[in-house]
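Note sheet for the following structure.
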Amino acid sequence: MFRYFLRRAALTLPTFVALMFVTFVAIRMVPGDPVEVRTGERGISPERLAQFRHELGLDQPIWKQFVDYVWGILHGDFGTSLVTNEKVLTEFATLFPATIELSLAAMLFAVVIGVPAGTIAAVKRGSPFDHTVMGASVIGFSMPIFWWGLLLIMLVSERWGLTPVSGRLDLIKYYFEPTTGFLLIDSLMSGQDGAFLSALHHLVLPTIVLGTIPLAVIARITRSSMLEVLNEDYVRTARAKGLSPMRVIGLHALRNALIPVITSIGLQIGTLLAGAVLTETIFSWPGVGKWLIEGIGRRDYPALQGGIMLISSIVIFVNLGVDVLYGAINPRLRHGH
Amino acid sequence: MKRTLTTSAATLLAMIALGVGAAQAKTLVYCSEGSPENFTPALNTTGTTFDAARPVFNQLVEFERGTTTVVPGLAEKWDVSADGKTITFHLRKGVKWHSGINGFKPTRDFNADDVLFSFNRQWKEDHPYHKISGGKYDYFADMEMPTLLDSIEKKDDYTVVMKLKEANAPILANLAMDFGTIQSAEYAEMLQKAGKLEQFDQIPVGTGPFQFVAYQKDAVIRYKAFPGYWGEKAKLDDLVFAITPDPTARLAKLKKGECHVMIAPRPADLAEIKADANLNLMSAPGLNIAYWAFNLTKPPMDNKKVRQAFAAAIDKAAILKEVYQGAGQSAKNLIPPTIWSWNDKVEDYKYDPEAAKKLIAESGVATPIKIDLWWMPVQRPYNPNAKRIAEMMQADLAKIGVTAELKSYEWGEYRKRMQAGEHITGQLGWTGDNGDPDNFFFLIGCNAEGKPAGQNLSKWCNKDFNDKLAKARTLSDLKERTKLYEEMQAIAREDVPQFTIAHSVVFEPTRKEVVGWKISPFGRHEFHGVDLK
């Protein structure tokens, strides 16, 4: 088992190297540099431009910049933001809890609705409910996030007044210093009446927007996996034994059908984080997504490189974790097949 | 028993007072656009960052809110020497620094040391704070302070003497800009001793009407009224910046009452805002200009008749109607009508393709004429859609037999190439920094050797114009300066180094309960003096 883990871990190394290289090069291929984008109509004199480029190390040969960057990362130094002069790791750590909070909520939303919907659709295959779920999931999967977010804001918040428009908390009523960065926890710790509910209330729309695509995927996978399992011999046996349909589906079929669903949840971490970039921008959600978008506009190389590396590492580790877990569950994988 | 009663009564009173206080606490929420880079204006160039620092700070001289008029700030008054080279600032006494922020307890009031600290940090490379937080003092450099300043000295605790290498009338307006913000030397010293210099720019201590409370990146900035403020106390108790980057979300928040004031509505939303009974929509002409520069170093733009023909060939009214959609006013001078010395007597070129054709024929330039026409790839405050304007100009030029090839580059590259003079004709614009006419006319000015400055995209050096520009800089008499600037506008009209397109109109929606809101010609968002009913 340990050898399997080592082998899988070693395989992620080339991924990391490729990732470092790609982020580094891609950002530099975007025209304009961090010094120039700061200046307005006035532009910048060539002397000042040269001086600042020198101070930021941008006049170094590109390979040297890359080596320095890799060397920094190997020493846990992700650099300093060119815009705020804060350590990239510090900024990331401040903003990441908001992204996790939103992503977890979205995943929970997707699972809690998607699994039952998919299951019922499979059991009642061909029924109007099945057609509705499948139709809705196609729409959900192909929904442009930005459009969907704005539509919900206009309808749910503005027209019907059911939820706040954006942000994480009612800023007029509540104020406390963040301790964990997870506002649901911080609001409880603050002891302020109603703060938790306000935080929860603010989470509703972004959760729906970010959770829509995973919801569609999970509903579909649950359905197809369930259909397969329902045709298995052991399910027929269970039925023949006279077990109640609830017991057959809930206990025997669903448990086995969930395995591919869990795999897809692991794989969707990437989708979630990508979706978070847009969702956070629409809902003024102070997470890493919004931060990266601004970093692009300002050509904040260290923030972008560091931020993308950190997010990608998380995706890679989650997938590694899922792989290893599989190995533990399924010995066939462990032995190299 | 009596004592218990008294205590209970006191408690009750206190509770009522607290309860009432809490109910009456006036909190204004402003939906801003983005996070500030830090809270030291001198280090930055963006309006977002200036807006976030402004509640906390003062300058020696300031712009009266909603105007471009320079009024006393931390300097109560000032004297300018006869030769215009020495300015003596008499500082206000009894000005308190915010206390208790980041553990800082000021032991003294504001004085000359703070003024010296604030300017020397930007000016002197050996200053302990010069390199902190990136150490780029763009405005200090752009307003040519390093070449202009001879010395800044403290005469006594409340007198500062600023000596210039040459007389410069716009300098007072320059000092009212955000880079002229005065920060606490004592606070800087405290942080230096603690080895936490970078906190100086992140946790601001100022003398302003509001004091800093907290900042959560990309989420919120909080301030509260400073009870010890030297001027009129803030009417609000708390001020909150809700950072909301998306304009649609900002408007939705404003309509729902989640914020009271918002920045930058989308032009498409203006009609909806006007129709909303809960909202006010204020508008004011922007302190800016969109222009189309003719490069005089390249034929055929070196020919005055061709330039005049182009000016007559473009249907400006159509551009205003289609591109600005009501959010712009026609520009006939380089400065907008809100700036003093704007010359109303200047007559704009009339749209007349026939007259334009005649001028081309008179010019003697061989036809067909081929030019390039650059458009900037980004939206600017003064120009919502440079590409569309370029297309409309292209069509107008075709009518007089001129073929214009449209061209564009990445924004940084665009400015660099235009400044290098690679274009034949190209669009750009300008947003005023300080409301002084010089801050616009220098754009088409040349240096003493008759070489165009970098900003001079027409590469136009007119001796008469430049002599007047240089002379106006040295005069402190407003009347004399006005006369010179008026004459300069007439020269520019006749010689057409550029085609002035439009000044944009700025719109600012607020909720009806906001009282005393003033639109700033500089696009500032200022909350001192604003109230909620």
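No lab work stands behind these numbers, since they all come straight from the coordinates. Keep in mind that this is a model prediction, so the values were computed, not measured. We place every Cβ from the backbone using ideal geometry, glycine too, and count neighbours over all the protein chains shown.
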- Tell me, what ³J(HN,Hα) does each residue in region B:124-133 have, in order and in whole Hz, if you take phi through Karplus 6.51 cos²θ - 1.76 cosθ + 1.60 with θ = phi - 60° and put x for Gly and Pro? 9, 5, 8, 5, x, 9, 4, 8, 5, 6
- Tally Lys and Arg at +1 and Asp and Glu at -1 over the other residues with C-beta under 11 Å from the C-beta of residue B:298: what net charge comes out? -2
- Cut-off under 5 Å, modelled amide H: who pairs with residue B:374 long-range: B:407, B:425, B:426, B:427
- Name all residues of region A:10-51 having a backbone nitrogen under 15 Å from the label point set 7 Å from the Cα of residue B:297 along its Cα→Cβ direction, giving them as ranges. A:46
- Message: Please give me the summed charge of the neighbours of residue B:496: other residues whose Cβ is under 14 Å from its Cβ, Lys and Arg +1, Asp and Glu -1.
- Response: +3
- Item | In degrees, nearest ten, helix A:62-74 long axis to first principal axis of chain A (Cα) | 60 degrees
- Could you tell me which helices of chain B pass both thresholds, a Cα extent of 30 Å or more along their own axis and a mean Kyte-Doolittle hydropathy of at least -0.5, with helices taken as whole DSSP H runs? B:2-24
- Query: Using the alpha-carbon atoms, what tilt in degrees (0 to 90, nearest 10) does helix A:2-29 show relative to the longest principal axis of chain A?
  - Reply: 50 degrees
- Message: Inside 10 Å of the C-beta atoms of B:310-318, what's the mean count of C-beta atoms belonging to other chains?
- Response: 0
- Query: What is the average number of partner chain Cβ atoms found within 10 Å of a Cβ in A:274-287?
  - Reply: 3
- Message: Which of rounded, prolate or oblate describes region A:211-337 when judged by the alpha-carbon gyration tensor and an a/c cut-off of 1.5?
- Response: oblate
- Shape category assigned to region B:407-533 from the gyration tensor of Cα positions, a/c cut at 1.5: oblate
- With Cα coordinates, the longest principal axis of chain A makes an angle with the long axis of helix A:288-297, in degrees rounded to 10, of 40 degrees
- Which peptide among A:280-293, B:302-315, B:334-347 comes first, and what is the full order, when sorted by highest mean count of other Cβ atoms within 10 Å? A:280-293, B:302-315, B:334-347
- Query: Given C-alpha coordinates of chain A, what is the ratio Rg to Rh with the Kirkwood estimate of Rh?
  - Reply: 1.04
- If each K or R counts +1 and each D or E counts -1, the residues other than residue B:117 whose Cβ falls under 10 Å of its Cβ total -3
- Item | J(HN,Hα) series, region A:216-222, from Karplus relation 6.51 cos²θ - 1.76 cosθ + 1.60, nearest Hz, glycine and proline x | 4, 5, 5, 4, 5, 5, 4
- For chain B, what is the relative contact order in percent, using Cα pairs closer than 8 Å and at least 6 residues apart in sequence? 19 percent
- Note on the structure: Here FRET efficiency (C-beta to C-beta, residue A:142 to residue B:348, R₀ 51 Å, nearest 0.05) is 0.45
- Message: If packing is taken as the average number of other Cβ atoms within 10 Å across a peptide's residues, how do B:254-260, A:107-113, A:20-26 rank, most packed first?
- Response: B:254-260, A:107-113, A:20-26
- Task: Please go through the residue pairs B:85/B:154; A:64/B:416; B:253/B:512; A:290/B:512 and name each one whose alpha carbons sit more than 21 Å apart in this structure.
- Result: A:64/B:416; A:290/B:512
- Radius of gyration and Dmax for the protein assembly as shown's Cα atoms, expressed in Å? 31.6, 109
- Item | Per-residue mean of C-beta atoms belonging to partner chains within 10 Å, peptide B:250-260 | 5
